[in-house]
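To start, the structure itself, in structure tokens.
Computed from the coordinates by the stated procedures, all read-outs in this text should not be read as laboratory data. The structure presented is a predicted model; accordingly, all values stated were derived computationally and were not measured. With ideal geometry, Cβ positions are generated from the backbone for all residues, glycine too; neighbour counts draw on all protein chains shown.
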Amino acid sequence: MSRSQDALWRVSEDELRDMNPVRARDLIIECFFRTQSQALRVSSERHRDVRDRELRDTMCVALRLRFEDLGLDFENPTADCIGTIADELTREAEIWGTPVHVLEHHIGELRKIESCLRGGPDGRRPAASH
């Protein structure tokens, strides 16, 4: 595994516990920040001096605007809203030229978040009652 792959963000089991839409939204912000931070560092030496706080703030504003553009409520997200925004961010990251290995890794992390939000830590939905 290359050095850049070693540094990829992973959502922890603790972060996945007691998942709710607001927590999922915050984890997506973190994932989006880490994806773009990694992409900048992988793609160009000139971006290595971008401050994490600056980038995180920019990503949070971008995500808030994306929610708004899609008619979604940033402050009170739903599980469906989280799925929509995760798909949109994936498409945008592809358009921006995020390196494939970074993108694929973070898509996997987004799917873990979505699975926990929709059905628990193992991604299974609760059994339907009859």
Full extension between THR78 and ASP52 adds, at 0.36 nm per residue less the Cα distance, a length in nm of 6.6 nm
The simple spin-label model distance between LEU40 and ARG118, using points 7 Å out along Cα→Cβ, in nm, is 3.2 nm
With label points set 7 Å from each Cα along the Cα-to-Cβ direction at ARG64 and GLU13, the distance between them in nm comes to 3.5 nm
